[in-house]
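Visitor: One structure coming up, written as C-alpha coordinates, with questions to follow.
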Amino acid sequence: MAADQAFDRAAAALIDRGVDGAIDCAFVLGTGLGRIADEMLGPVTIPFADIPGFPDGEVSGHARTVSYGTLHGRKVLIFQGRGHYYETGDAAVMRVPVGMLAAFGSPPLILTNAAGSLKAELRPGGMAVITDHINLNGRNPLIGDTGDGRFVPMIDAYDPHLRTRLKKAAAASGAHLGEGVYMWFSGPSFETPAEIRMARTLGADLVGMSTVPEVILARRYGIRVAGISVVTNVAAGLPGGAPSHGETRDVAAAATTGLRRLFRAFLTDL
Ligand code: HPA
(Lines give C-alpha, C1' and ligand atoms only; values in the text may rest on other atoms or scores of the structure.)
Protein backbone atom coordinates (compact mmCIF):
# COMPACT_ATOMS: atom_id res chain seq x y z
CA MET A 1 0.00 0.00 0.00
CA ALA A 2 1.39 3.41 -0.92
CA ALA A 3 -0.15 4.72 2.26
CA ASP A 4 2.04 7.63 3.14
CA GLN A 5 1.61 9.66 -0.03
CA ALA A 6 -2.16 9.31 0.24
CA PHE A 7 -1.99 10.60 3.81
CA ASP A 8 0.26 13.48 2.78
CA ARG A 9 -2.09 14.49 -0.03
CA ALA A 10 -5.10 14.51 2.29
CA ALA A 11 -3.21 16.43 4.97
CA ALA A 12 -2.05 18.97 2.35
CA ALA A 13 -5.67 19.55 1.28
CA LEU A 14 -6.65 20.27 4.89
CA ILE A 15 -3.67 22.57 5.47
CA ASP A 16 -4.59 24.40 2.26
CA ARG A 17 -8.04 25.06 3.67
CA GLY A 18 -6.77 26.44 6.97
CA VAL A 19 -6.15 23.47 9.23
CA ASP A 20 -2.99 24.93 10.76
CA GLY A 21 -1.53 21.77 12.21
CA ALA A 22 -2.44 21.88 15.88
CA ILE A 23 -5.06 19.28 16.79
CA ASP A 24 -5.69 18.27 20.39
CA CYS A 25 -8.33 15.67 19.64
CA ALA A 26 -10.18 14.21 16.63
CA PHE A 27 -13.73 12.89 16.60
CA VAL A 28 -15.83 10.83 14.23
CA LEU A 29 -19.54 11.53 14.68
CA GLY A 30 -21.85 8.68 13.78
CA THR A 31 -25.43 8.53 12.58
CA GLY A 32 -27.56 11.34 13.98
CA LEU A 33 -24.72 12.72 16.13
CA GLY A 34 -23.50 15.48 13.83
CA ARG A 35 -24.96 18.28 15.92
CA ILE A 36 -22.13 17.95 18.43
CA ALA A 37 -20.04 20.01 16.04
CA ASP A 38 -22.47 22.97 16.20
CA GLU A 39 -20.73 24.33 19.30
CA MET A 40 -17.37 24.75 17.59
CA LEU A 41 -15.99 28.25 17.41
CA GLY A 42 -14.76 29.57 14.06
CA PRO A 43 -14.85 26.25 12.29
CA VAL A 44 -13.42 25.64 8.86
CA THR A 45 -15.64 23.03 7.19
CA ILE A 46 -14.49 20.96 4.24
CA PRO A 47 -16.58 18.38 2.37
CA PHE A 48 -15.07 14.88 2.22
CA ALA A 49 -15.45 15.16 -1.56
CA ASP A 50 -12.76 17.90 -1.60
CA ILE A 51 -10.15 15.79 0.19
CA PRO A 52 -8.18 13.22 -1.83
CA GLY A 53 -8.61 9.67 -0.55
CA PHE A 54 -11.68 10.45 1.55
CA PRO A 55 -14.90 8.56 0.84
CA ASP A 56 -17.23 10.79 -1.14
CA GLY A 57 -20.95 10.70 -1.72
CA GLU A 58 -23.74 11.32 0.75
CA VAL A 59 -25.28 9.34 3.55
CA SER A 60 -28.99 9.83 4.25
CA GLY A 61 -28.96 13.04 2.21
CA HIS A 62 -26.16 14.67 4.22
CA ALA A 63 -22.76 15.57 2.80
CA ARG A 64 -19.94 14.24 4.91
CA THR A 65 -17.62 16.97 6.14
CA VAL A 66 -14.56 17.62 8.25
CA SER A 67 -14.63 20.62 10.58
CA TYR A 68 -11.65 22.17 12.29
CA GLY A 69 -11.95 24.72 15.05
CA THR A 70 -12.08 25.28 18.78
CA LEU A 71 -14.38 23.31 21.05
CA HIS A 72 -14.29 23.98 24.79
CA GLY A 73 -10.86 25.54 24.50
CA ARG A 74 -9.24 22.75 22.47
CA LYS A 75 -8.38 22.51 18.80
CA VAL A 76 -10.46 19.70 17.39
CA LEU A 77 -10.97 18.01 14.06
CA ILE A 78 -14.45 16.59 13.68
CA PHE A 79 -15.42 14.14 10.98
CA GLN A 80 -19.17 14.51 10.56
CA GLY A 81 -20.11 11.20 9.07
CA ARG A 82 -17.87 8.34 8.02
CA GLY A 83 -17.49 5.83 5.23
CA HIS A 84 -19.06 2.46 6.00
CA TYR A 85 -18.00 -0.96 4.76
CA TYR A 86 -21.55 -1.60 3.56
CA GLU A 87 -21.42 1.23 1.03
CA THR A 88 -18.82 -0.30 -1.28
CA GLY A 89 -17.50 -3.44 0.37
CA ASP A 90 -14.21 -1.71 1.19
CA ALA A 91 -13.25 -2.34 4.83
CA ALA A 92 -10.42 0.21 4.46
CA VAL A 93 -12.74 3.03 3.38
CA MET A 94 -11.59 5.15 6.37
CA ARG A 95 -7.86 4.47 5.89
CA VAL A 96 -6.93 7.95 4.70
CA PRO A 97 -9.05 9.94 7.21
CA VAL A 98 -7.56 7.93 10.07
CA GLY A 99 -4.02 7.54 8.76
CA MET A 100 -3.54 11.21 7.89
CA LEU A 101 -3.97 12.12 11.57
CA ALA A 102 -0.32 11.15 11.98
CA ALA A 103 0.51 14.26 9.92
CA PHE A 104 -1.16 16.36 12.63
CA GLY A 105 0.76 14.95 15.57
CA SER A 106 -1.36 11.81 16.06
CA PRO A 107 -4.07 13.33 18.26
CA PRO A 108 -6.31 10.91 20.16
CA LEU A 109 -9.30 9.81 18.12
CA ILE A 110 -12.75 9.43 19.66
CA LEU A 111 -15.11 7.38 17.51
CA THR A 112 -18.85 7.55 18.10
CA ASN A 113 -21.57 5.36 16.72
CA ALA A 114 -25.21 4.40 17.06
CA ALA A 115 -25.56 0.86 18.37
CA GLY A 116 -28.08 -1.76 19.34
CA SER A 117 -27.92 -3.09 22.89
CA LEU A 118 -27.81 -6.70 24.07
CA LYS A 119 -27.42 -5.80 27.73
CA ALA A 120 -30.32 -4.73 29.95
CA GLU A 121 -28.26 -1.98 31.66
CA LEU A 122 -27.53 -0.31 28.31
CA ARG A 123 -30.84 1.29 27.53
CA PRO A 124 -31.88 3.24 24.41
CA GLY A 125 -30.91 6.89 24.78
CA GLY A 126 -27.91 6.01 26.96
CA MET A 127 -24.19 5.85 26.19
CA ALA A 128 -21.46 3.27 26.63
CA VAL A 129 -17.71 3.32 26.30
CA ILE A 130 -16.46 0.43 24.17
CA THR A 131 -14.04 -1.82 26.05
CA ASP A 132 -13.23 -4.29 23.26
CA HIS A 133 -14.67 -5.64 20.03
CA ILE A 134 -15.56 -8.83 18.17
CA ASN A 135 -14.95 -8.97 14.44
CA LEU A 136 -16.23 -12.13 12.79
CA ASN A 137 -16.99 -10.44 9.48
CA GLY A 138 -14.06 -12.09 7.75
CA ARG A 139 -13.09 -8.55 6.74
CA ASN A 140 -10.18 -6.49 7.97
CA PRO A 141 -9.02 -3.11 6.66
CA LEU A 142 -5.41 -4.31 6.73
CA ILE A 143 -5.92 -7.14 4.24
CA GLY A 144 -3.55 -6.28 1.40
CA ASP A 145 -1.27 -4.21 3.64
CA THR A 146 2.35 -5.36 3.60
CA GLY A 147 5.26 -5.55 6.00
CA ASP A 148 5.40 -6.48 9.65
CA GLY A 149 3.40 -3.41 10.69
CA ARG A 150 0.19 -5.10 9.57
CA PHE A 151 0.37 -7.60 12.44
CA VAL A 152 -1.18 -5.15 14.83
CA PRO A 153 -1.63 -6.17 18.49
CA MET A 154 -5.23 -5.61 19.56
CA ILE A 155 -4.89 -5.92 23.33
CA ASP A 156 -6.05 -2.62 24.85
CA ALA A 157 -6.91 -1.39 21.37
CA TYR A 158 -9.52 0.82 23.06
CA ASP A 159 -7.05 2.95 24.96
CA PRO A 160 -7.41 2.35 28.73
CA HIS A 161 -6.20 5.86 29.57
CA LEU A 162 -8.74 7.52 27.25
CA ARG A 163 -11.47 5.24 28.62
CA THR A 164 -10.64 6.33 32.16
CA ARG A 165 -10.74 9.99 31.11
CA LEU A 166 -14.10 9.50 29.40
CA LYS A 167 -15.48 7.78 32.51
CA LYS A 168 -14.24 10.67 34.65
CA ALA A 169 -15.74 13.19 32.24
CA ALA A 170 -19.07 11.36 32.37
CA ALA A 171 -19.05 11.44 36.16
CA ALA A 172 -18.17 15.15 36.13
CA SER A 173 -20.92 15.96 33.64
CA GLY A 174 -23.60 13.87 35.34
CA ALA A 175 -24.04 11.64 32.28
CA HIS A 176 -24.31 7.91 32.76
CA LEU A 177 -21.69 6.05 30.74
CA GLY A 178 -21.99 2.28 30.69
CA GLU A 179 -19.47 -0.01 29.03
CA GLY A 180 -19.51 -2.97 26.74
CA VAL A 181 -18.02 -5.14 24.02
CA TYR A 182 -19.04 -4.05 20.50
CA MET A 183 -19.59 -6.57 17.74
CA TRP A 184 -19.28 -5.43 14.15
CA PHE A 185 -21.89 -6.59 11.66
CA SER A 186 -21.44 -5.52 8.08
CA GLY A 187 -24.95 -4.20 7.55
CA PRO A 188 -26.71 -2.58 5.86
CA SER A 189 -29.48 -5.03 6.81
CA PHE A 190 -29.99 -5.25 10.55
CA GLU A 191 -29.23 -8.50 12.37
CA THR A 192 -31.63 -11.39 12.63
CA PRO A 193 -32.81 -12.46 16.09
CA ALA A 194 -30.72 -15.64 15.69
CA GLU A 195 -27.62 -13.56 14.98
CA ILE A 196 -28.28 -11.48 18.07
CA ARG A 197 -28.62 -14.64 20.19
CA MET A 198 -25.29 -15.77 18.74
CA ALA A 199 -23.69 -12.39 19.48
CA ARG A 200 -24.90 -12.56 23.07
CA THR A 201 -23.52 -16.06 23.50
CA LEU A 202 -20.18 -14.84 22.17
CA GLY A 203 -19.99 -12.02 24.70
CA ALA A 204 -21.21 -8.98 22.75
CA ASP A 205 -23.04 -6.18 24.59
CA LEU A 206 -23.47 -3.83 21.62
CA VAL A 207 -23.88 -4.34 17.88
CA GLY A 208 -23.30 -1.92 15.04
CA MET A 209 -22.10 -1.40 11.48
CA SER A 210 -18.99 0.76 11.93
CA THR A 211 -16.07 1.67 14.21
CA VAL A 212 -14.20 -1.67 14.25
CA PRO A 213 -12.31 -1.09 10.97
CA GLU A 214 -11.44 2.44 12.13
CA VAL A 215 -10.04 1.12 15.41
CA ILE A 216 -7.88 -1.40 13.56
CA LEU A 217 -6.62 1.35 11.24
CA ALA A 218 -5.95 3.71 14.13
CA ARG A 219 -3.83 1.09 15.89
CA ARG A 220 -2.02 0.34 12.63
CA TYR A 221 -1.03 4.00 12.32
CA GLY A 222 -0.18 4.57 15.99
CA ILE A 223 -3.25 6.62 16.90
CA ARG A 224 -4.72 6.22 20.39
CA VAL A 225 -8.42 5.55 20.01
CA ALA A 226 -11.62 5.26 22.05
CA GLY A 227 -15.19 4.42 21.08
CA ILE A 228 -18.47 5.68 22.45
CA SER A 229 -21.74 4.01 21.48
CA VAL A 230 -24.99 5.85 21.73
CA VAL A 231 -27.54 3.13 22.36
CA THR A 232 -30.39 3.72 19.96
CA ASN A 233 -32.35 0.50 20.36
CA VAL A 234 -32.61 -2.91 21.88
CA ALA A 235 -31.04 -5.41 19.46
CA ALA A 236 -33.28 -7.40 17.10
CA GLY A 237 -35.48 -10.05 18.65
CA LEU A 238 -34.76 -9.19 22.29
CA PRO A 239 -37.80 -7.87 24.21
CA GLY A 240 -38.69 -4.52 22.61
CA GLY A 241 -36.01 -4.94 19.94
CA ALA A 242 -37.11 -4.16 16.38
CA PRO A 243 -34.49 -1.71 15.06
CA SER A 244 -35.06 0.55 12.08
CA HIS A 245 -32.94 3.25 10.49
CA GLY A 246 -35.48 5.95 11.38
CA GLU A 247 -35.48 4.97 15.05
CA THR A 248 -31.69 4.82 15.08
CA ARG A 249 -31.37 8.32 13.65
CA ASP A 250 -34.06 9.86 15.88
CA VAL A 251 -32.87 8.34 19.15
CA ALA A 252 -29.26 9.24 18.36
CA ALA A 253 -30.23 12.85 17.69
CA ALA A 254 -32.16 12.96 20.98
CA ALA A 255 -29.15 11.56 22.86
CA THR A 256 -26.74 14.27 21.69
CA THR A 257 -27.31 16.36 24.81
CA GLY A 258 -25.59 13.77 26.99
CA LEU A 259 -22.81 13.34 24.47
CA ARG A 260 -22.24 17.11 24.26
CA ARG A 261 -21.94 17.31 28.04
CA LEU A 262 -19.58 14.36 28.09
CA PHE A 263 -17.31 15.89 25.45
CA ARG A 264 -17.35 19.29 27.14
CA ALA A 265 -16.05 17.74 30.36
CA PHE A 266 -13.60 15.53 28.45
CA LEU A 267 -12.10 18.40 26.44
CA THR A 268 -12.00 20.83 29.34
CA ASP A 269 -9.89 18.32 31.27
CA LEU A 270 -7.72 17.17 28.32
N1 HPA B 1 -27.72 -3.17 14.75
C2 HPA B 1 -26.74 -2.71 13.93
N3 HPA B 1 -26.43 -1.44 13.83
C4 HPA B 1 -27.12 -0.57 14.59
C5 HPA B 1 -28.14 -0.97 15.44
C6 HPA B 1 -28.46 -2.35 15.54
O7 HPA B 1 -29.35 -2.79 16.29
N8 HPA B 1 -28.61 0.15 16.04
C9 HPA B 1 -27.89 1.18 15.54
N10 HPA B 1 -26.98 0.76 14.67
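Visitor: Roughly how many Å² of R264 are accessible to a 1.4 Å probe, to the nearest 10?
Guide: Rounded to the nearest 10, the figure is 100 Å².
Visitor: With the crude spin-label approximation of a point 7 Å out along Cα→Cβ, what separation in nm comes out for T45 versus H176?
Guide: 3.3 nm
Visitor: Taking a ≥ b ≥ c as the square roots of the eigenvalues of the Cα gyration tensor of the range 9-68, is the shape rounded (a/c under 1.5), prolate (a/b larger than b/c) or oblate?
Guide: In terms of gyration-tensor shape, oblate.
Visitor: To the nearest 500 deg cm²/dmol, what mean residue ellipticity at 222 nm is calculated for the chain from DSSP H runs of n ≥ 4 alone, each contributing -39,500 (n - 2.57), summed and divided by the residues?
Guide: -8500 deg cm²/dmol
Visitor: Now for a different question. Ordered by residue, what ³J(HN,Hα) values in Hz, to whole numbers, does the range 110-121 give under the Karplus form 6.51 cos²θ - 1.76 cosθ + 1.60, where θ = phi - 60° and Gly and Pro are x?
Guide: 10, 9, 10, 8, 8, 9, x, 9, 10, 10, 4, 5
Visitor: Hey, another quick one. Please report Rg (one decimal) and Dmax (integer) in Å for the Cα set of the chain.
Guide: In order Rg, Dmax, the Cα atoms of the chain give 17.3, 51 Å.
Visitor: From the phi of every residue in the range 140-155, what ³J(HN,Hα) in whole Hz does the Karplus formula 6.51 cos²θ - 1.76 cosθ + 1.60 yield, where θ is phi - 60° and glycine or proline is x?
Guide: 8, x, 9, 5, x, 5, 10, x, 5, x, 6, 8, 7, x, 10, 6
Visitor: Relative contact order of the range 178-230: what whole-number percent is it, with Cα pairs under 8 angstrom and at least 6 residues apart?
Guide: Over the range 178-230, the number comes to 40 percent.
Visitor: Could you give the length gained on full extension between T88 and E121, defined as 0.36 nm per residue of separation minus the Cα-Cα distance, in nm?
Guide: 8.4 nm
Visitor: Determine Rg/Rh for the range 1-101; Rg is computed over alpha-carbon atoms and Rh is the Kirkwood hydrodynamic estimate from the same atoms.
Guide: Across the range 1-101, the Cα-based Rg/Rh ratio is 0.94.
Visitor: Top to bottom by accessible area (1.4 Å), largest first, where do T211, T65 land?
Guide: T65, T211
Visitor: What accessible surface, in Å², does a 1.4 Å probe find on R197, ignoring ligands, DNA and RNA and rounding to the nearest 10?
Guide: 140 Å²
Visitor: Provide the solvent-accessible area of D20, counting protein heavy atoms only and rolling a 1.4 Å probe, rounded to the nearest 10 Å².
Guide: D20 has an accessible surface of roughly 110 Å² with all protein chains in place.
Visitor: Using modelled amide H (1.01 Å from N, peptide plane; none on Pro or chain starts), what sits under 5 Å from the amide H of R64, excluding residues fewer than 5 places away?
Guide: The answer is F48, V59.
Visitor: Can you work out the accessible area per residue across the range 96-230, with the rest of the protein chains kept in place, probe 1.4 Å, in square angstrom?
Guide: Value returned for the range 96-230: 40 Å² of accessible area per residue.
Visitor: Quick one: pull the percent of accessible area on the chain belonging to carbon and sulfur, 1.4 Å probe, ligands and nucleic acids left out.
Guide: Carbon-and-sulfur percentage of accessible area, whole number: 51.
Visitor: Could you run the Karplus curve 6.51 cos²θ - 1.76 cosθ + 1.60 with θ = phi - 60° over the range 231-243 and give me ³J(HN,Hα) per residue in whole Hz, x for Gly and Pro?
Guide: Once rounded to whole Hz, the list reads 6, 9, 6, 6, 5, 3, x, 6, x, x, x, 8, x.
Visitor: Averaging sequence separations of C-alpha pairs under 8 Å and six or more residues apart, then dividing by the length of the chain, give the relative contact order as a whole percent.
Guide: Relative contact order comes out at 26 percent.
Visitor: Would you look at the GNM of the chain, springs on alpha carbons closer than 10 Å, and say which of S210, S189, S229 moves the most?
Guide: S189
Visitor: Where the eigenvalues come from the Cα gyration tensor of the range 106-161, what are the semi-axes √(5λ) of the equivalent ellipsoid, largest first, in whole Å?
Guide: Three semi-axes, in Å: 27, 15, 11.
Visitor: What spacing in nm lies between the two simple spin-label points modelled at A194 and H245, each 7 Å away from Cα in the Cβ direction?
Guide: 2.5 nm
Visitor: Moving to a separate point now. Give the ranking of V76, V44 by solvent-accessible surface, highest area first, calculated with a 1.4 Å probe.
Guide: So the residues, ranked largest to smallest area, are V44, V76.
Visitor: Could you identify which residue out of L109, L41, L71 has the top mean-square fluctuation in a GNM of the chain using Cα springs shorter than 10 Å?
Guide: L41
The values are calculated or read from the model by the stated rules, or taken from the named source; none is laboratory data. All of these numbers come straight from a predicted model, not from anything done at the bench. No Cβ is skipped: glycine too gets one built from the backbone with ideal geometry, and neighbour counts run over all protein chains shown. Just so you know, the surface numbers come from the protein's heavy atoms only, side chains and all, with ligands and any DNA or RNA stripped out. Shrake-Rupley method; radii C 1.70, N 1.55, O 1.52, S 1.80 Å.
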